[in-house]
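J.: Mind looking over this structure? Questions follow.
Just so it is clear, none of the values below were taken in a lab; they were calculated from the coordinates. Predicted model, so just to flag it, every value in this text is computed and none were measured. Positions of Cβ are generated from backbone atoms using ideal geometry, with glycine treated the same way; all protein chains shown enter the neighbour counts.
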Amino acid sequence: MTSIYTVAIDSAEDDSFSEHITARVLSASWQLGVTSPGEATLTLDNADGAVSGASWAGRFMRISALSGGRDEVLFTGLVTHIRPDAGAQGRRQAIVIARTADIGLSGARADLPPLVDQPADAILRALLAGSGLRRRALSQCMVIGSSAFGVLGLARIADDLPIALDAQPGISAFRYAVFDPDARADAVLAQVVSAERGLCFADRSGGLVFVNRHALLLSGTPALSLSDDMAALALEQAPAVNQASITCVPRRLGPDDTPLWTLNTPLRVPARATVTVRIAFRDEDGDAVGCADAAMLSFTARTQPAGGGLVSVAGSITDTLASGAVVSFSNPSAVTAWIQAGAQVVGTPVISDGRLRVSHEDQEAITRYGLHALSLELPLLADADEAAELARFEVGRGGDPVLSTTSVTLDLRDHPSALAVSLMDIIAISEAHTGHSAHYRVLGEAHTVDLAGTRHRLTFTLMRADDTAFWVLGSGALDARTALAI
């Protein structure tokens, strides 16, 4: 059974994906996974020269397929590159590259409010809300100050999040979340997900999905079963973790009215103007200082950088961040004002007590199989006891070394139902030659479609889905040989 593929651009910015470019597509490849934003590469026939660098840049593209009577969305992403591919023989093609919308996190600053006792999913929502990611369906949203969007009676106020987020509740609650004031949003996202020991990825519809660490402990009904009929199968005897070390950073609240920031050089505020400054809270070593509350701004404004007459300037803390603040100075007078060096923001700091490393090991497994260590830097963890529990958790889910499948490649002409299998689904694999049989969770999918759409090769990256090491509340029998998952 051959699938019918459609590639479309949302040129109208209304989520209709009404501009079809399927007839131009010579080949297409795309991948989605838990380690990086998804990406699609299309080779187009451009004999008429109609495809240029400005054709669809900044628009969303969707790849879908009609297979077995079902319309499957396979990839949704933002067109980021269009380049010519003239070729040595003048073949006149164009290469189009699209990436899932979370690629924008790599260029966005992480502006987070103070966060106390918040789980990973709540932190991710706050991160995305302030990320400035490219939104879908802009023609249906009201953009303040733009005449191109927001037709009265047709527009709506945009959702709080610029990208859809399907998030499971986080298991850990992070006592005091402190991030570097200059950290990029993608780095903060990775730090939060790592501290939870969960996963976050872009799905086929272009939204983000977050799963907590318990989701990786559960098996389930396979979405696909394979038995000796794969195009390629990668098996390896993977060593199991038998020693885990986790570095955490215990933190506590400091005294109120502690100086969090001091202005070292005078700041110029022109006449009848407002100057807004984003400031970072750092200690004498340059490390980030968390903030539970930035309570007060104290300053003096004069006519000269170091002295002169007093000038009436209004100053305020307009936004308090997890390790910084936004400060605004408004000068209504007719003369230039200088905020004098020594201006301060005072408040309640989150004080670090230094890095603490905790470890756990299975000495019997080390004796039998040798040392296989895992070392994790989780500065978001402020509780040493929780870090110790996570170290035991990582060793506990290691178990004995077993033969595992790391990837499987399929020809969809033989397995058309595999088209509906995506990230986090379960696949059952049996291989008679080695006697291997197990369930696996999909952590990555890579597609290549060519030969005028008649050949579709699909490779799944896999992780063993073992529900025998732990039991999770609400799942698993108490009399089984398992331990309680934290």
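J.: For Rg/Rh (Cα atoms, Kirkwood Rh), one of [x] 1.00; [y] 1.04; [z] 0.96 was computed from the structure I shared and the rest are decoys. Which label?
T.: Only one option fits the structure, namely [y].
J.: What percent do you get for the relative contact order of the chain when only Cα pairs under 8 Å and 6+ apart count? Don't jump to the answer; show the numbers that get you there.
T.: On the way: 1199 pairs, mean separation 82.8, N = 486.
Once normalised by length, the contact order is 17 percent.
J.: Full-extension gain between R92 and D15, please, as 0.36 nm times their residue separation minus the C-alpha to C-alpha distance.
T.: Values: separation 77, 0.36 × 77 = 27.72 nm, distance 3.01 nm.
Going from the current span to full extension adds 24.7 nm.
J.: When the Cα centres of the range 55-100 and the range 166-185 are compared, how far apart do they sit, in Å?
T.: 34
J.: Helix-only mean residue ellipticity at 222 nm, the chain, DSSP H runs n ≥ 4 weighted -39,500 (n - 2.57), per residue, nearest 500. What is it?
T.: Values: 4 runs with 42 residues, N = 486.
Mean residue ellipticity at 222 nm (helix-derived): -2500 deg cm²/dmol.
J.: Once both axes come from the Cα atoms, what is the angle between helix 185-196 and the longest principal axis of the chain, in degrees from 0 to 90, rounded to 10?
T.: Its long axis makes an angle of about 70 degrees.
J.: So what is the relative contact order for the range 252-352, in percent, with contacts set as C-alpha pairs under 8 Å and at least six apart? Before the final figure, lay out each step's value.
T.: Details: 269 pairs, mean separation 48.0, N = 101.
Across the range 252-352, relative contact order equals 48 percent.
J.: If I stretch the segment between L371 and S359 completely, what's the gain in nm (0.36 nm per residue apart, minus their alpha carbon distance), one decimal? Could you put the intermediate results ahead of the total?
T.: Values: separation 12, 0.36 × 12 = 4.32 nm, distance 1.35 nm.
So the extension gain works out to 3.0 nm.
J.: May I ask you to evaluate 6.51 cos²θ - 1.76 cosθ + 1.60, the Karplus curve with θ = phi - 60°, for each residue of the range 239-253 and list the ³J(HN,Hα) values in order in whole Hz, giving x for glycine and proline?
T.: Karplus values, whole Hz, x for Gly and Pro: x, 8, 5, 10, 8, 10, 10, 10, 9, 10, 10, x, 9, 8, 7.
J.: Taking Cα atoms, how many degrees apart are the long axis of helix 120-129 and the longest axis of the chain, rounded to 10 and kept between 0 and 90?
T.: 70
J.: Can you give me the Cα centroid spacing of the range 277-334 and the range 362-400 in angstrom?
T.: 44
J.: Using a basic spin-label model with each label point 7 Å from the Cα along Cα→Cβ, how many nm lie between D85 and S225?
T.: Going by the 7 Å Cα→Cβ label model, 4.0 nm.
J.: For the range 1-105, build the charge dipole from Cβ charges (+1 Lys, Arg; -1 Asp, Glu) around the Cα centre, then report which of W30, G68, L78 sits farthest towards its positive end.
T.: W30
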